[in-house]
1. For segment 95-151, list log₁₀ I(q)/I(0) at each q in 0.17 Å⁻¹, using the Debye formula over Cα point scatterers of equal strength and ignoring solvent, two decimals each.
2. Taking H placed 1.01 Å from N in the peptide plane, check which residues at least 5 places from VAL148 or on another chain put their amide H under 5 Å from its amide H.
3. Work out Dmax and Rg for segment 1-64 from the C-alpha atoms and quote the Rg first, both in angstrom.
4. What translational D, rounded to a whole number of µm²/s, comes out for the chain from Stokes-Einstein when the hydrodynamic radius is the Kirkwood one over Cα pairs, at 20 °C and 1.002 mPa s?
5. Using the Karplus curve 6.51 cos²θ - 1.76 cosθ + 1.60 with θ = phi - 60°, what ³J(HN,Hα) values do you get for each residue of segment 61-76, in whole Hz, with x for Gly and Pro?
6. Can you pull a Stokes-Einstein diffusion coefficient for segment 76-120 at 25 °C (0.890 mPa s), Rh from Kirkwood over Cα pairs, as a whole number of µm²/s?
7. Just want the answer: with Cβ charges of +1 for Lys and Arg and -1 for Asp and Glu, which residue in GLY34, GLY146, VAL89 is farthest toward the dipole's positive end in the chain?
Amino acid sequence: MGFLLDESCGKCTPCREGLFALSGILTRITRGEGREGDVELLEELCATVGSASLCQLGATAVNPVMSTTRHFREEYEEHIRDKRCRAGVCKPLVAYTILPDKCTGCLACVKPCPTKAITGKKKLAHTIDAGKCIKCGSCLDVCKFGAVEVK
């Protein structure tokens, strides 16, 4: 939506205001601030923007949203109801943890952590301080033992 907002010429209200509204709702959902009825509101906005826009940019800009609400509705609802992102890409909705039974205490995840959120002694299971974690994923990238989990 951000790209489409930038591409919109702004001449017609349905495209200009509709894409702005769609972007706001989608952003709110991915931040874990979605509300009941947001999916229906997205669908209603898409129908209006798609049919009332003066050019094909506005008419087709809604297609990705319409397609994802149709095919991945349960994921939208999980974002709103459960504050959960099963794909693990909406940072406010994920949490990184270290599985103690898989962690070898190799210290590989400690050094790349930019906020020093990971603590632990060599050869003992490490832990992640959720309050310090910025969810950058560096621990996940360097762990060779599959001990870092994204929930």
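Please treat every number below as a calculation from the coordinates, not as lab data. Treat the numbers as computed from the prediction; the structure is a model and nothing was measured. Counting neighbours? That spans all protein chains shown, and the Cβs are built from the backbone with ideal geometry, glycine included.
1. Those come out to -0.41, one per q.
2. LEU99
3. Using the Cα atoms of segment 1-64, the pair Rg, Dmax is 11.2, 33 Å.
4. On the way: Rh = 17.6 Å.
Stokes-Einstein gives a translational diffusion coefficient of 122 µm²/s.
5. 4, 7, 4, x, 5, 4, 5, 6, 5, 6, 9, 10, 4, 4, 6, 4
6. Details: Rh = 12.7 Å.
Here the translational diffusion coefficient equals 194 µm²/s.
7. GLY146
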